[in-house]
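Contents: one structure, followed by commentary.
Just so you know, all these numbers are worked out from the coordinates, no wet-lab data involved. Keep in mind that this is a model prediction, so the values were computed, not measured. Using ideal geometry, Cβ is built from the backbone for each residue, glycine included, and neighbour counts are taken over all protein chains shown.
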């Protein structure tokens, strides 16, 4: 029994340290009411590289990242920041059930704002990568995780 615990305890400690080390690479979204008003008025902030995900003219989400960062997750396409297309995508973001779109700041693990997010689907991970690559994954509705 002593041999098992002498191997098991260090293994558990190593695994816990690995989890703590990787936890620092996750950013998050934080709702921003002022940004929400600006986007509803068709005034997306400048200084961002914009992306959309979902069907052509009815996106699931619109994302803007600081020009120092690049979206590295799949299923997002770049949108010109000063285009009518960006305004149309913001206006036509997909409605889910009867939820209204919300705006959020995209934050790094230390709380620095590096972008904006607009969608009716608010559940998506933000993963910080190397060389200022960010993966904001395609959002999904919470019940997609349910097992029927």
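Below is a table of values for the structure above.
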quantity	calculated
Whole-angstrom gap from the stretch 33-67 to the stretch 97-126, using each part's C-alpha centre	10
Ordering of 125-138, 55-68, 34-47 by burial proxy (mean other Cβ atoms within 10 Å per residue, highest first)	55-68, 125-138, 34-47
Relative contact order of the stretch 29-148, pairs being alpha-carbon contacts under 8 Å that are 6 or more residues apart, as %	29
Ellipsoid semi-axes in whole angstrom, largest first, where each is sqrt(5λ) of the Cα gyration tensor of the stretch 24-141	20, 15, 14
Among 101-107, 27-33, 111-117, the order from most to least packed when residues are scored by Cβ within 10 Å on average	101-107, 111-117, 27-33
